[in-house]
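Take a look at the structure set out below.
The values are calculated or read from the model by the stated rules, or taken from the named source; none is laboratory data. Values in this document were obtained by computation on a predicted structure and should not be read as measured data. Reconstructed Cβ throughout: ideal geometry from the backbone, glycine too, with neighbour counts over all protein chains shown. These accessible areas exclude ligands, DNA and RNA; they are computed on the full protein's heavy atoms, side chains included. Shrake-Rupley method; radii C 1.70, N 1.55, O 1.52, S 1.80 Å.
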Amino acid sequence: MIDYLALGAGIPFLDAYLNPNATFTHGRGVNFAVAGSTALPVENLAAKNILAPVTNSSLSKQLDWMFTHFNSICFNERDCVEKLRKALFMVGEIGGNDYNYALFQGKTTEEVKAMVPEVVKAIKDAVTRVIGYGGMRVVVPGNFPTGCLPIYLTGFQTNNSAAYDEFQCLKELNDLSIYHNQHLQQAIQELKEENPNAIIVYGDYYNAFQWILRHAQLLGFDATKVQKACCGIGGDYEFSIARMCGVSGVPVCPDPNKRISWDGINLTQRAYQYMTQWLLHQLFPKLQCNIA
């Protein structure tokens, strides 16, 4: 989605920080994100008997990379503040993997809810660091409605019809996302009070996704397959944790633009494009930016 945000802002695509062939000249963005990363350090999760199997480069590690990068492009602190004055920072979306790993390793939703204040504090601390480096415009995205994703719909499928909402998403898991997002918005309000000169905006990924579900057919998606993965196999949601997208023999749907979910976890490019369009009109006026 960051690519569509860049297009909307009229700036070049962001290079990954660890890309050895990247060119980080002034005016070009940098992406410090790592797939599968968590808001909490892996040591903190391990203390809760939660493993982070994908990467140990959590949010704090990514911030360390950012600090190293700024040291390489700035002559001094004042120079950094000047260079970053017009920059837009996206801190997240992050935190979802902390909950994902916990839930799929047997934690109850109540146990995961107890993690929310700590996860949100890690995100708030990250935003504080970004502002401390000179960031003046920061977007802090919330979590997706995870109860609508094929990986969760498959893993927590139930015959209890009352467990599902109007979009056939799992209500208990969506309530967890809402709970996180409420805490995050409260933290953003605190950050605004603590940093009156900075512009800090909540990125409402939850309602952007819900808007797509509500208008799926109008947007050109196959209304009968909004919960099914395009690249996947098996079950009611064409998703199997044992045979995920990329494994030999796992098919890809003929037209990904007709699906919202790409692989059961991530969305298709078309879905991200529509989410970004919704977000741009929500975010840019608040950020005092112009849409290209």
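All of 112, 30 fail the test of being among the β-branched types (Val, Ile, Thr), under 19 Å from the mean Cα position of the chain (by Cα) and at pLDDT 95 or above, apart from 112. Of the residues in segment 273-290, at least one is within 18 Å of residue 6 (Cα to Cα), among the charged types (D, E, K, R) and in contact with a strand residue (DSSP E or B) (Cβ under 8 Å, 6 or more places away or on another chain).
Checking each residue in segment 22-35 for being surrounded by fewer than 16 Cβ atoms within 10 Å (Cβ to Cβ) and either among the aromatic types (Phe, Trp, Tyr) or farther than 20 Å from residue 86 by Cβ (or both) picks out 22, 24, 35. Considering segment 66-90, the residues that are part of a helix (DSSP H, G or I) and open to solvent by less than 40 Å² (accessible area, probe 1.4 Å) include one that is farthest from residue 23 (Cα to Cα), namely 79.
Can you tell me which residue is most open to solvent (accessible area, probe 1.4 Å) among those in segment 227-267 that are among the β-branched types (Val, Ile, Thr) and touching a strand residue (DSSP E or B) at 6+ places or on another chain (Cβ under 8 Å)?
Step by step, filter segment 227-267, then rank; the result is 252.
In segment 30-38, is there at least one residue being over 27 Å from residue 277 (Cα atoms), assigned to a loop (DSSP other than H, G, I, E, B), touching a helix residue (DSSP H, G or I) at 6+ places or on another chain (Cβ under 8 Å) and among the aliphatic types (A, V, I, L, M)? No, segment 30-38 has no match at all.
Determine, yes or no, whether residue 217 is without any contact (Cβ under 8 Å) to a residue 40 or more places away in the chain, over 21 Å from the mean Cα position of the chain (by Cα), closer than 30 Å to residue 158 by Cα and open to solvent by 10 Å² or more (accessible area, probe 1.4 Å). For residue 217, the condition - without any contact (Cβ under 8 Å) to a residue 40 or more places away in the chain, over 21 Å from the mean Cα position of the chain (by Cα), closer than 30 Å to residue 158 by Cα and open to solvent by 10 Å² or more (accessible area, probe 1.4 Å) - is met.
Residue pairs whose Cβ atoms lie under 7 Å apart, sitting 6 or more positions apart in sequence or on different chains, and linking a residue in segment 10-35 that is under 21 Å from residue 97 (Cα atoms) to a partner that is assigned to a loop (DSSP other than H, G, I, E, B) and open to solvent by 80 Å² or more (accessible area, probe 1.4 Å), are 35/54.
Candidates in segment 268-284 are the residues that are part of a helix (DSSP H, G or I) and either farther than 17 Å from residue 141 by Cβ or in contact with a Gly (Cβ under 7 Å, 6 or more places away or on another chain) (or both); of these, the one that is most open to solvent (accessible area, probe 1.4 Å) is 269. Annotation note: Cβ proximity below 7 Å between a residue of segment 102-125 that is more than 15 Å from residue 143 (Cα to Cα) and a residue that is open to solvent by 70 Å² or more (accessible area, probe 1.4 Å) and outside any helix (DSSP H, G or I) (sequence gap 6+ or interchain) occurs for 105/51.
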